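Throughout, read-outs are computed from the coordinates displayed, never taken from laboratory work. Fair warning: this is a prediction, and the values are worked out from it, not measured in the lab. No Cβ is skipped: glycine too gets one built from the backbone with ideal geometry, and neighbour counts run over all protein chains shown.
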Amino acid sequence: MKWLPEAGPDFREHLAAALQAASDGERLNRLSQLARTQLSHLQIIQLDSALSKIVTSEGFERVKLALLGSATMDHLAPALRIAGLRWGVRFEVYVAPYGQYRQELHHPDGALSRFAPDNIVLQLSAKELVGAIPLASSKIVADDAVATVCRDVSGLWGLVRERFGATVIQQSVLDLNASLFGNHDAIVEGAPRRLVSRVNAALQDACAEAGVLWLDIERAAAQDGLDRWFDPLRWLQAKMEISPNAAARFGELVARLVAAQRGKSKKCLVLDLDNTLWGGVIGDDGVDGIKLGEGSGVGEAHLALQRYAKKLSERGVLLAVCSKNDAAIAEAAFRHHPEMALARDDFAAFYANWDDKASNLQAIARDLNIGLDSLVFVDDNPAERARVRGALPTVAVPELPADPAHYVRTLSDGGYFESIALTQEDIDRSSHYAANRARQAVLTASNDMDAFLQQLDMTVAFGPVTPLTLTRVVQLINKTNQFNTNTARRTETEIEALAADPRALTLQLRLRDKFGDNGIVSALTLVPAQGEPEVLEIANWVMSCRVFGRNLEHETLNILVEAALAHGARRLRGAYIPTPKNGVIRDLFSTLGFELAGAHADASIWELALADYTPRQTFIKREGTAHDRT
């Protein structure tokens with residue numbers, strides 16, 4: 001995993017120092033910093049052993065993860081736990097006995113049931129799935145066999161949901177068969193290679209339909225070399241399908257998926273300029289002298305990085321510049337160089353000055369209203385990378401190779417922007433931030449908040465969660481950290497069930513104004529309180545940070561009170577559970593007129609009597625029911 005900096009020869013000293021820190025929380029943070037380095041299998045085991053001595057999970061999300069499959073998987077658990085630290089997740093791992101996944105799933109009171117997993121990784125072998133299909137099978141026979149395999153595996157997913165309510169992570173099937181026909185293996189209908197390829201394709205389609213996460217081990221093995229992933233001796237001795245040599249990579253790929261599901265993927269790619277987005281130094285070489293574009297190996301390498309950044313922007317990743325440079329000269333390059341793939345307007349924030357880069361990164365996070373842990377900083381200078389890692393340890397800083405030809409591969413392999421869904425809001429995100437800059441200009445010019453809000457000419461469209469809005473609502477609930485009353489995460493299956501439950505209430509809201517459509521920016525789920533049918537409890541309330549300061553929370557409560565009364569409720573109840581990131585809404589419930597009803601552990605409980613509620617005045621007009629665009 002070459003995007004991580006090397007651990008160095010003093011790993012053992014750093015590990016010992018981490019364990020001697022004053023508190024469990026500090027010890028955990030120091031171990032997580034060590035986890036963000038390249039580690040050998042032995043170092044992973046040593047770090048995992050140290051991790052087992054720490055009880056707290058402060059600052060990390062606890063996730064119960066189960067590994068089930070056709071092979072031995074115990075050796076993968078340490079790497080999973082260490083990979084989780086890199087992504088802000090504290091994994092508790094359960095490994096089912098070798099080959100016992102069906103028994104584990106069906107046992108009503110077995111060890112897996114008692115473990116109560118949040119996520120289940122399902123690893124199935126090619127030998128088990130397609131090994132019995134005759135080599136001389138016709139296309140009809142092969143089609144039927146592939147469909148049967150897909151139905152069987154899909155049935156296991158349904159069992160997981162029914163029994164555990166867990167999210168399934170389906171691992172792709174590794175083709176470990178020796179070649180029978182050479183290149184013609186890909187053509188013969190009954191050849192194992194073709195069958196494995198078809199099974200993987202069918203399972204991918206089924207995952208997309210069923211909301212199952214896809215773990216693409218097959219692609220990783222193709223990139224790294226199958227020999228790194230599979231060792232025949234390990235298989236014969238211990239039935240390990242994934243070699244210990246690939247355990248770290250496996251753990252990283254799983255951790256990324258779980259982190260993406262819980263909104264922990266990075267949101268913003270921050271780029272240096274000189275010798276990163278182009279070759280050379282713009283201040284010395286001038287616009288005509290930098291190396292960028294076709295006809296030069298170095299120029300093409302930098303152009304490839306720009307094109308990759310452009311594609312990331314198109315799928316919803318924010319772009320920013322952080323460079324020690326003269327701003328006017330740097331911006332001129334984007335306006336005047338004919339080979340530039342990126343435009344100045346592609347960047348949501350642009351910091352070209354002579355200030356410390358760590359300070360500029362903090363300013364970028366403030367400007368975009370996102371956390372420092374949402375930033376990925378790409379810089380060719382190893383001294384600058386080290387400086388940022390030391391000053392801002394939560395910022396991801398990939399270790400770039402010396403040759404820019406490998407920049408794109410390094411950034412891609414780092415998996416910082418892992419995604420489990422693509423919504424219209426993702427596609428529109430860059431334009432949303434551009435519109436926000438226009439809104440900010442209006443606010444600056446008016447110096448009057450009420451006047452600003454009136455000038456925005458806002459309308460809200462709202463309604464229950466529907467199949468068209470489901471994916472975005474799930475994404476919003478799982479990715480939102482600041483305006484999130486209790487940070488409870490939900491699977492697509494859970495939200496779908498709530499939307500279909502006549503006792504529950506769901507709400508999603510889309511905000512538009514004269515500068516454009518912000519998309520679906522807020523969502524709520526409410527359930528009846530146990531034993532108190534007249535009370536609706538707010539199970540989730542989230543709102544995008546893009547629309548802070550526009551009184552949408554007030555209009556949301558106006559709408560919610562009406563919906564709750566129509567639902568037969570008499571009171572609303574909500575809990576505020578503080579986290580390191582949601583302090584911005586610490587006073588939300590009291591500001592909205594809720595009364596403190598009690599407190600337990602770290603949560604405060606708030607209630608609102610609907611009969612006593614007076615609607616809040618806002619400058620937001622209502623449009624009716626919100627429908628997601630496809």
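Can you give me the Kirkwood hydrodynamic radius for region 268-413, using every pair of distinct Cα atoms, in Å to one decimal?
After inverting the mean inverse Cα-Cα distance, the result is 15.1 Å.
Kindly flag which residue pairs out of K53/K267; K239/K479; K311/K621; K291/K324; K267/K357; K127/K479 have an alpha-carbon separation exceeding 29 Å in this structure.
From K53/K267; K239/K479; K311/K621; K291/K324; K267/K357; K127/K479, over 29 Å: K53/K267; K239/K479; K311/K621; K127/K479.
Taking region 1-56 as the region of interest, what is the percent of Cα-Cα pairs per 5 angstrom bin, listed from the shortest bin to the one with the maximum distance?
4, 21, 35, 23, 12, 4, 0
Which distance in Å, rounded to a whole number, links the C-alpha centroids of region 329-401 and region 180-228?
Result: 38 Å between the Cα centres.
Pick out the long, greasy-scoring helices in the chain: whole DSSP H runs spanning 27 Å or more along their own axis by Cα, mean Kyte-Doolittle at least -1.0.
The answer, listed by residue number, is 139-164, 424-446.
Hey, how much of the P(r) for region 60-261 falls beyond 23 Å, as a percent of Cα pairs?
Counting pairs separated by more than 23 Å, the tail of P(r) holds 44 percent.
Within region 440-624, what percent of beta bridges assigned by DSSP are antiparallel, to the nearest 5?
80
For region 440-624, take the alpha-carbon Rg, divide it by the Kirkwood Rh, and send me Rg/Rh.
0.95
Once amide H atoms are placed 1.01 Å from N in the peptide plane, what residues at a sequence separation of 5 or more from K291, or on another chain, have their amide H within under 5 Å of its amide H?
G279, G280
Suppose we keep just the DSSP beta bridges with both residues in region 268-413; what percent of those would be antiparallel, to 5?
If I count the DSSP bridges inside region 268-413, around 5 percent turn out antiparallel.
On a C-alpha basis, how far is the centre of region 74-118 from the centre of region 587-614 in Å? Whole number, if you could?
That distance is 38 Å.
When N counts the residues of region 190-282, how does its alpha-carbon radius of gyration compare numerically with 2.2 N^0.38 Å, as a ratio?
Relative to the 2.2 N^0.38 Å estimate, region 190-282 comes out at 1.51.
Count the DSSP beta bridges whose two residues both fall in the chain, then state the antiparallel fraction as a percent rounded to the nearest 5.
About 45 percent, rounded to the nearest 5.
Hey, what's the per residue convex hull volume over the C-alpha atoms of region 298-353, in cubic angstrom?
Normalising the Cα hull of region 298-353 by residue number yields 79 Å³.
What does the highest-first list of 16-22, 465-471 look like by mean Cβ count within 10 Å?
Most protected by this proxy first, the peptides run 465-471, 16-22.
Given 20 °C and 1.002 mPa s, compute D for region 90-167 with the Stokes-Einstein relation, Rh being the Kirkwood radius over Cα pairs; round to the nearest whole µm²/s.
So the translational diffusion coefficient is about 150 µm²/s.
Relative contact order of the chain: what whole-number percent is it, with Cα pairs under 8 angstrom and at least 6 residues apart?
10
Nothing charged except the Cβ atoms of Lys and Arg (+1) and of Asp and Glu (-1): what's the magnitude of the dipole of the chain about its Cα centre? Round to the nearest 20 debye. Before the final figure, lay out the partial values.
Numbers: 67 positive and 79 negative charges, 140 e Å.
Dipole of the chain, to the nearest 20 debye: 680 debye.
Once the piece of chain linking H184 and A327 is laid out straight, how much longer is it, given 0.36 nm per residue of separation minus the C-alpha distance between them?
Result: 45.8 nm gained on full extension.
Might you report the magnitude of the Cβ-based charge dipole of region 60-261 about its Cα centre, with Lys and Arg at +1 and Asp and Glu at -1, to the nearest 20 debye? Let's see the in-between values first.
Details: 21 positive and 23 negative charges, 81 e Å.
In debye, rounded to 20, region 60-261 gives about 400.
Kirkwood hydrodynamic radius of region 1-121 from all distinct Cα pairs, in Å?
15.4
Find the Rg to Rh ratio for the chain, where Rh is the Kirkwood radius over alpha-carbon pairs and Rg uses the same atoms.
Working: Rg = 26.2 Å, Rh = 26.8 Å.
For the chain, the value is 0.98.
Take E241, E300, E562 and order them by how many other Cβ atoms sit within 10 Å, fewest up front.
E562, E300, E241
Multiply the residue gap between H107 and K239 by 0.36 nm, knock off their C-alpha separation, and tell me the result in nm, one decimal place.
45.2 nm
Which one of A348, N275, S296 has its Cα pushed farthest toward the positive end of the charge dipole of region 268-413, where Lys and Arg give +1 and Asp and Glu give -1 at the Cβ?
A348
Translational D (Stokes-Einstein, µm²/s) of region 480-543 at 10 °C and 1.306 mPa s when Rh comes from the Kirkwood sum over C-alpha pairs?
Taking Rh from Cα pairs, D becomes 122 µm²/s.
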